[in-house]
Amino acid sequence: AGHKAIVRVDFNVPLDENGNVTDDTRIRGALPTLKKVLADGGALIMMSHMGKPKGKVKPELSLSQIVKNVSDALGVDVKFAKDCGNADAEAAALKPGEALLLENLRFYPEEEGKPVGVEKGTPEFDAAKAEMKERQKKFAAKLASYADVYVMDAFGTAHRKHASTAVIADYFKPEDRMLGLLMEKEVQAVNNVLSDIKRPFIAIMGGSKVSTKIGIIENLLGKVDKLILCGGMTYTFAKAHGGEIGDSIVEMDKLDVALDVEKKAKENGVELIMAPDAVVTNGLDFATMSLKPGSEYKVAQASAIPAGFEGVDAGPEAQKKFAEAIKGCKTILWNGPAGVFECDEFCAGSRAIGNAIADATAEGAFSLIGGGDSVACCTKFGLTDKVSYISTGGGALLEAIEGKVLPGVAAVNE
């Protein structure tokens, strides 16, 4: 009561080409904390990033586009500060019960704290890094100056040591910095998976690249009973065995990593499941997520994809295999779709996984869904109320499950 609270939220929501929010899961996830600040007589300042503007002002990534959505969700007229690094006047004018949204934090390079325009490994880079660290501290101090208390409630960015997620905490007394209610739920959901495993435990990992998921895959091999790998990363596995994958996405420098994952799965007694067949096409337009006129799609064996075609979804055999593997499991973790689910012709694999998870949850399993694409799948297929918990974090969830300390949590707790 009577205090100004600056809350780091994760409003990195998807927008269509007209700037309309297509999935407001993250806004709704933040409401318990935001409403509590207002209900208890506080003034609310919300800060978030959107997309990857890399320190430059990009109008298409302006948070001004979501002010109405946030206002409607909160039930108050949210004010907007056009410059998050110069919002003293707007913050000072804020009265109890009022709310203010700051512009995209990542319009400032200081938010992420990465040197711009210098090459890594050079003496210039080291100097630029040290200078940027000082600039980041000043930026964090500026954000802190707007409020009396700091609330970290952006689980989706808790694995980043950014100005608004970790550095800012240094400018508040320990009793004036805290985690929000969404963070509490997220941490509890991770604990449910890690500390209270009911078996069989299955993880479903999708996505385009092995390289981005290798840490979590290796970590999971010591915990799960079954592991489904799906999506673009599996063509690297097919290639590692000499398969023909046409124009499918592949990481040629990770073939040995793929074989190593298979070896470790065997050593750990983990049942590793991948798609035997795939839906392939010769005409997907990734810009519009639609088929080009005159193109075709068909089913092929995952290791015998014709030249000129690329794998874009799990095939019918794979869908049955995945559903069968999920059936009867008691702990389920899903991160990453089975294909280009945004395109209606190529969402059947992800839908089959989602439906199987929903069925297992109805039978008493604990299901944790994390990562923007998996969350979007659940929304698209109407499954959000049929799984146990939907996490707002992708990378943060995976790092927490890897057992890493999240900087956004550590900064508040220290």
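Annotation: amide H of ALA314 within the under-5 Å range of VAL279, GLY349, SER350, sequence separation 5 or more or interchain, hydrogens built in the peptide plane.
The gain in end-to-end length when the LYS54 to GLU175 segment is fully stretched comes to 40.3 nm, 0.36 nm per residue minus the alpha carbon separation.
Determine the gain in length on full extension of the stretch ASP247-ALA89; use 0.36 nm per residue of separation and subtract their C-alpha separation, reporting nm with one decimal.
Numbers: separation 158, 0.36 × 158 = 56.88 nm, distance 5.46 nm.
Stretched fully, the ASP247-ALA89 segment lengthens by 51.4 nm.
The residues of segment 317-399 present an accessible area of 35 Å² per residue when probed at 1.4 Å with all protein chains retained.
With the simple spin-label model, which puts each label point 7 Å out from Cα in the Cβ direction, the ASP16 to LYS82 separation comes to 2.8 nm. Distance between the pseudo-spin-label points of ILE197 and ALA304 (7 Å out from Cα toward the beta carbon): 3.7 nm. How many angstrom lie between the Cα centre of segment 350-389 and the Cα centre of segment 271-285? For segment 350-389 versus segment 271-285, the Cα centre distance is 21 Å. Based on the Stokes-Einstein relation at 37 °C and a viscosity of 0.692 mPa s, and on the Kirkwood radius from alpha carbon pairs, segment 222-323 is assigned a translational diffusion coefficient of 229 µm²/s.
With all distinct Cα pairs included, what does the Kirkwood hydrodynamic radius of segment 319-414 come out to in Å, to one decimal, could you say? Write out the running numbers ahead of the final one.
On the way: mean 1/r = 0.0715 Å⁻¹.
Hydrodynamic radius (Kirkwood, Cα pairs) of segment 319-414 is 14.0 Å.
Our summary of shape: the Cα atoms of segment 257-382 have principal axis extents of 46, 36, 23 Å, ordered from largest down, in whole angstrom.
Per the Debye formula on identical point scatterers at the alpha carbon atoms of segment 26-171, with no solvent, log10 I(q)/I(0) at q = 0.09, 0.14, 0.21, 0.22 Å⁻¹ is -0.29, -0.67, -1.43, -1.54. By a 1.4 Å probe calculation restricted to protein chains, ASP72 has an accessible surface near 100 Å², given to the nearest 10. Where does the charge balance sit around ILE197 when Lys and Arg score +1, Asp and Glu -1, over other residues with C-beta under 9 Å from its C-beta? After counting each charged neighbour, the total is +3. Here the Karplus curve 6.51 cos²θ - 1.76 cosθ + 1.60, taken at θ = phi - 60°, turns the phi angles of segment 277-289 into couplings of 9, 9, 8, 10, 9, 10, x, 8, 8, 5, 5, 9, 6 Hz, with x standing for Gly and Pro. When Lys and Arg each count +1 and Asp and Glu each count -1, what net charge do the other residues less than 12 Å away from GLU271, Cβ to Cβ, add up to? With Lys, Arg at +1 and Asp, Glu at -1, the net is 0. Put a dot 7 Å past the Cα of ALA362, heading toward its Cβ, do the same for ASN413, and the two dots end up 3.8 nm apart. Distance from the C-alpha centroid of segment 89-144 to that of segment 291-311: 45 Å, rounded to the whole angstrom. Given the rule -39500 (n - 2.57) for each run of at least 4 DSSP H residues, summed and divided by the residues of the chain, what is its mean residue ellipticity at 222 nm, to the nearest 500 deg cm²/dmol? Taking each H run of at least 4 residues, the total per residue is -10500 deg cm²/dmol.
In percent, how large is the relative contact order of segment 127-250, given Cα pairs closer than 8 Å and 6 or more residues apart? If you can, show how the numbers build up before the last one.
On the way: 117 pairs, mean separation 22.7, N = 124.
Relative CO of segment 127-250 lands at 18 percent.
Here the chain yields Rg over Rh of 0.99, to two decimals, using C-alpha coordinates and the Kirkwood radius. Under a Gaussian network description of the chain, with springs only between Cα atoms under 10 Å, the residue in SER290, SER62, SER388 that fluctuates furthest is SER290. Applying 0.36 nm per residue to the separation of LYS386 and GLU134 and subtracting their alpha-carbon distance, the gain on full extension is 86.0 nm.
Nearest-5 percent of antiparallel DSSP beta bridges in the chain?
In the chain, DSSP labels about 25 percent of beta bridges as antiparallel.
Computed over protein heavy atoms with a 1.4 Å probe, the carbon and sulfur contribution to the accessible area of the chain reaches 50%.
The values are calculated or read from the model by the stated rules, or taken from the named source; none is laboratory data. From a predicted model like this one, the values you see are computed outputs, not experimental measurements. A quick note on method: Cβ atoms are made from the backbone with ideal geometry, for glycine too, and the neighbour counts reach across all protein chains shown. Note: accessible area is taken over every heavy atom of the protein model, side chains too, but ligands, DNA and RNA are not part of it. Shrake-Rupley method; radii C 1.70, N 1.55, O 1.52, S 1.80 Å.
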